Ligand code: 4AD
Ligand code: MG
């Protein structure tokens, strides 16, 4: 007898098969028992009819606890009443692993309780749906960049450089030297772009931010493309095409997960229309001032209410262009005619999900960068290799970083970034 996974049920209608699964839930009467089964690929229903199976099979079915692991024997049938479309008519059950007093029950639990049981919470249907969307975004990312001629390059995680400012670093010892956990691979990706043309990275990054918001993780995954011989305008086109591709891929391949999460697919569809709107930082400040935000002044960074208001003024993700130089990192290209802004853009997601991309054209001039590195109080020696990129064949180049978890949170339509990563690292939480 063939052992199959639930997801492949449609290929086995009418066949008797074996399935390894866990009992997610159960209800029974005197004559029939329904087991909600999950095997990691999908959820479906197993039906045990008292009159059709040996008495001990029926009694065993009725006695199964939540999250007991079982090997089921049964016939796959169509089930038009369920969204999944198939069920199994059970004829035999073998218990593989007992489960007693499973802590997460179908009743409501508080967030702290669920976070303490994240290793088990991951088994629930909502979390399963979110992780499928995450997986699809990862798959589509590789497809997009591979199809468009990018080379995947892995920057180091242990590093001596601090591209995004020195305040949010995780310090560690590298033998007798001080080192940090990478907060961005960007500077290394610039070196890679000079070697391979168009490159992208995909890896973990770390920020010791004391922020406890629904958008901040301490450890998160970032996709960082970098393109040689490219200016900012073209980079913005790559960004919007990439994000629209992610949205379309999730719509195409995560239909079931989006339904579990009750995500509005018509709304998502709108986010695939190109181009995305663009607004300058200057105009964004004016827009906010005109709409009752008295706290904002030119030169301030936007907080989350500001970003949400700007996002709500448009139907798609929006680019905010050319922020003040004083609030952005040292490597950004200065504006050709203005001293106070740099050539950069943040992409703000709709529906209040905030910034999902930060990017810029990079400064190419050796003297300018050296000066900026000094002004930022950074150690010149540490950046000597980076300056070499401006010594030997410096070219216009641009790149960006997309935060994986913020993108998952947005496309899944969930409340908080902590549910977008299997084991979130948050302020004051490193368990489990
Ligand atoms: O805007 P950021 O800091 O940009 C960079 O690190 C650049 N070096 C990227 C580049 O140009 N290669 O971060 C990029 C993105 C943000 O837009 C956001 O989506 C995400 O990373 N991000 C976070 N996500 C979760 N938790 C945090 N604490 C995050 N900080 C940034
Ligand atoms: Mg940013």
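Scanning the stretch 170-202 for residues that are within 16 Å of ligand 2 (Cβ to nearest atom) and without any contact (Cβ under 8 Å) to a residue 60 or more places away in the chain turns up 182, 183, 185. On the basis of being part of a loop (DSSP other than H, G, I, E, B), within 13 Å of ligand 1 (Cβ to nearest atom) and assigned by TED's automatic domain parsing to the domain that holds residue 167, does residue 302 make the cut? Yes; evaluated as a whole, the condition is true for this residue. Just one of the listed residues (112, 101) is more than 26 Å from the chain's Cα centre (by Cα) and either assigned to a helix (DSSP H, G or I) or farther than 30 Å from residue 399 by Cβ (or both), namely 101. Residues of the stretch 291-305 that are touching a helix residue (DSSP H, G or I) at 6+ places or on another chain (Cβ under 6 Å) and closer than 14 Å to residue 354 by Cβ: 301 alone.
Where in the stretch 164-269 are there helices (runs of 4 or more DSSP H), lying wholly inside it, with at least 3 residues that are surrounded by fewer than 17 Cβ atoms within 10 Å (Cβ to Cβ) and at pLDDT 95 or above?
On the way: elements: 186-196, 232-253, 255-260.
Where helices (runs of 4 or more DSSP H) fall fully within the stretch 164-269 and carry at least 3 residues being surrounded by fewer than 17 Cβ atoms within 10 Å (Cβ to Cβ) and at pLDDT 95 or above, they are 232-253.
Among the criteria (1) under 30 Å from residue 278 (Cβ atoms); (2) at pLDDT 95 or above; (3) out of contact with any strand residue (DSSP E or B) (no Cβ under 6 Å at 6 or more places or on another chain), the one residue 376 does not fulfil is (2). Condition test on residue 325, is it in the same structural domain as residue 278 (by TED's automatic domain parsing), surrounded by 19 or more Cβ atoms within 10 Å (Cβ to Cβ), modelled with pLDDT of 95 or more and away from ligand 1 (no atom under 15 Å from the Cβ)? When the stated conditions are applied, residue 325 passes them. What's the total number of residues in the stretch 1-28 that are in contact with a helix residue (DSSP H, G or I) (Cβ under 9 Å, 6 or more places away or on another chain) and at pLDDT below 95? So the answer is 1.
Which one is nearest to ligand 1 (Cβ to nearest atom), of the residues in the stretch 350-372 that are within 33 Å of the chain's Cα centre (by Cα) and either under 16 Å from residue 190 (Cα atoms) or outside the structural domain of residue 199 (by TED's automatic domain parsing) (or both)?
358
Of all residues assigned to the stretch 206-216, at least one qualifies as being within 30 Å of residue 42 (Cβ to Cβ), assigned by TED's automatic domain parsing to the domain that holds residue 278, touching a residue at least 24 places away in the same chain (Cβ under 8 Å) and more than 16 Å from ligand 2 (Cβ to nearest atom). Residue check: residue 333 meets all listed conditions (1) within 15 Å of ligand 1 (Cβ to nearest atom); (2) under 26 Å from residue 137 (Cβ atoms) but one, namely (2).
For every residue, the table says whether it meets (1) in contact (Cβ under 8 Å) with a residue 24 or more places away in the chain; (2) in contact with a helix residue (DSSP H, G or I) (Cβ under 8 Å, 6 or more places away or on another chain).
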| residue | (1), (2) |
| --- | --- |
| 204 | yes, no |
| 232 | yes, no |
| 240 | yes, no |
| 244 | yes, no |
| 252 | no, no |
| 268 | yes, yes |
| 274 | yes, yes |
| 289 | no, no |
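Go through the residues of the stretch 274-289 one by one and say whether even a single one is loosely packed, with under 15 Cβ neighbours inside 10 Å and either more than 23 Å from residue 359 (Cα to Cα) or outside the structural domain of residue 232 (by TED's automatic domain parsing) (or both). Yes, there is a match, as at least one residue in the stretch 274-289 is loosely packed, with under 15 Cβ neighbours inside 10 Å and either more than 23 Å from residue 359 (Cα to Cα) or outside the structural domain of residue 232 (by TED's automatic domain parsing) (or both).
The values are calculated or read from the model by the stated rules, or taken from the named source; none is laboratory data. The structure displayed is predicted, hence computed values, not measured ones. Please note: Cβ atoms are built from the backbone with ideal geometry, for glycine as well, and neighbour counts cover all protein chains shown.
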